[in-house]
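Read through the structure below, which is laid out as structure tokens, and then see the notes.
The values are calculated or read from the model by the stated rules, or taken from the named source; none is laboratory data. None of the values given here were measured: they were computed from a predicted structure. Reconstructed Cβ throughout: ideal geometry from the backbone, glycine too, with neighbour counts over all protein chains shown.
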Amino acid sequence: MSFDPVVLAVLGASLALYALGYRELRQRSRHRTRTLRARQAAAFLGGWISLGVALVSPLDGLGAALFSAHMVQHELLMIVAAPMLVLGRPLAVWVWALPARWRKRLGIAVRWRPLKAAWAGITTPVGAWLMHAAALWLWHLPALFQGALLHPWIHTLQHTSFLASALVFWWTIFRHPGGAALLSLFTTMVHTGTLGALITLAPELWYPLYLEPTAALGIDALQDQQMGGLVMWVPGGLAYFASALVIVARWLDERRAPTLSPSPSPSPSPEVP
């Protein structure tokens, strides 16, 4: 189990701020809005727990010995924790945990033109897709991946890149749930599946640093690599496919909704004399 004080501090602070902001918003909300807030809080809590499992559970230590465990950790960050955190809308809730004076200053800061321009650039569907794809492919290059195994600060940068790019990716999916979202999900399913297939079907080890720890556990390193590739190939691909199906279902519901008109009430029957 990992007890990195920085990770624990960030996780603890994020949960405390969310609890304070949620309490403030709940007091200001009407009954219908409170139900929505409760759903958002449940999503945030689910994402927060997923982060904890990925970063401070025995899975974190096991990822240094098994490539397959490391891949499970990455998938938890990108296809479980990230979308749930986005649905929890933490930024909007954290702000309400701050004093009114700080909220006002923060509101001024986020309207700063260069910051708005940078945010607008990375949160377009194309920008978010490119950032997420680059993080996936670059960090699975043998040199960078093994560098993360050797140096804790590179490992932290790797996980931060995966989580941050996934957060922006899922934010654009939920923000623009139309054709652009479907295209992003489909192409991400394809290229992540391709990467997973390449790792699974590789005839030799991509990451030789796993040879010694897997041997100590009595596990074949190449089979472990194949299992890790399958984690990205199958569960990862299914997650993007399932998300695309949800968007299609919502789109079909929205198209049917305008055509449904309330049935006219039957005219009263004439009274029988």
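Under 7 Å between Cβ atoms, which residue pairs at least 6 apart in sequence (or on different chains) link something in segment 55-80 that is of a type in the set (Ser, Thr, Tyr) with a partner that is not in a helix (DSSP H, G or I)?
Qualifying pairs under 7 Å: Ser57/Met1.
I need the full set of residues from segment 33-59 which are under 26 Å from Pro99 (Cα atoms) and either among the polar types (S, T, N, Q) or over 21 Å from the mean Cα position of the chain (by Cα) (or both), in order please.
Thr33, Arg34, Thr35, Gln40
Please work out which residue is nearest to the chain's Cα centre (by Cα), limiting yourself to segment 81-101 and to residues that are free of Cβ contacts under 8 Å to residues at least 60 places away in the same chain and closer than 27 Å to Met189 by Cα.
Met84
Of all residues in segment 95-117, which are aromatic (Phe, Trp, Tyr) and either touching a helix residue (DSSP H, G or I) at 6+ places or on another chain (Cβ under 7 Å) or not in a helix (DSSP H, G or I) (or both)?
The answer is Trp96, Trp112.
Give Ala135, Ala120, Ala92, Ala148 a once-over and let me know the one that is within 18 Å of Ala181 (Cα to Cα) and in a helix (DSSP H, G or I).
Ala120
So, of the residues in segment 26-58 that are among the charged types (D, E, K, R) and either touching a Ser or Thr at 6+ places or on another chain (Cβ under 8 Å) or not in a helix (DSSP H, G or I) (or both), which turns out to be modelled with the lowest pLDDT?
Arg30
Residue-wise test of (1) surrounded by fewer than 17 Cβ atoms within 10 Å (Cβ to Cβ); (2) over 26 Å from Leu141 (Cα atoms); (3) of a type in the set (Gly, Ala, Ser).
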site	(1), (2), (3)
Ala9	yes, yes, yes
Leu17	no, yes, no
Arg39	yes, yes, no
Trp48	no, yes, no
Leu55	no, no, no
Asp60	no, no, no
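Can you tell me which residue among Pro142, Pro125 is touching a residue at least 60 places away in the same chain (Cβ under 8 Å), in contact with a helix residue (DSSP H, G or I) (Cβ under 9 Å, 6 or more places away or on another chain) and surrounded by 12 or more Cβ atoms within 10 Å (Cβ to Cβ)?
Testing whether each residue is touching a residue at least 60 places away in the same chain (Cβ under 8 Å), in contact with a helix residue (DSSP H, G or I) (Cβ under 9 Å, 6 or more places away or on another chain) and surrounded by 12 or more Cβ atoms within 10 Å (Cβ to Cβ) leaves just Pro142.
Looking at segment 1-60, which of its residues are closer than 24 Å to His159 by Cβ and β-branched (Val, Ile, Thr)?
Result: Val6, Val7, Val10, Ile49, Val53, Val56.
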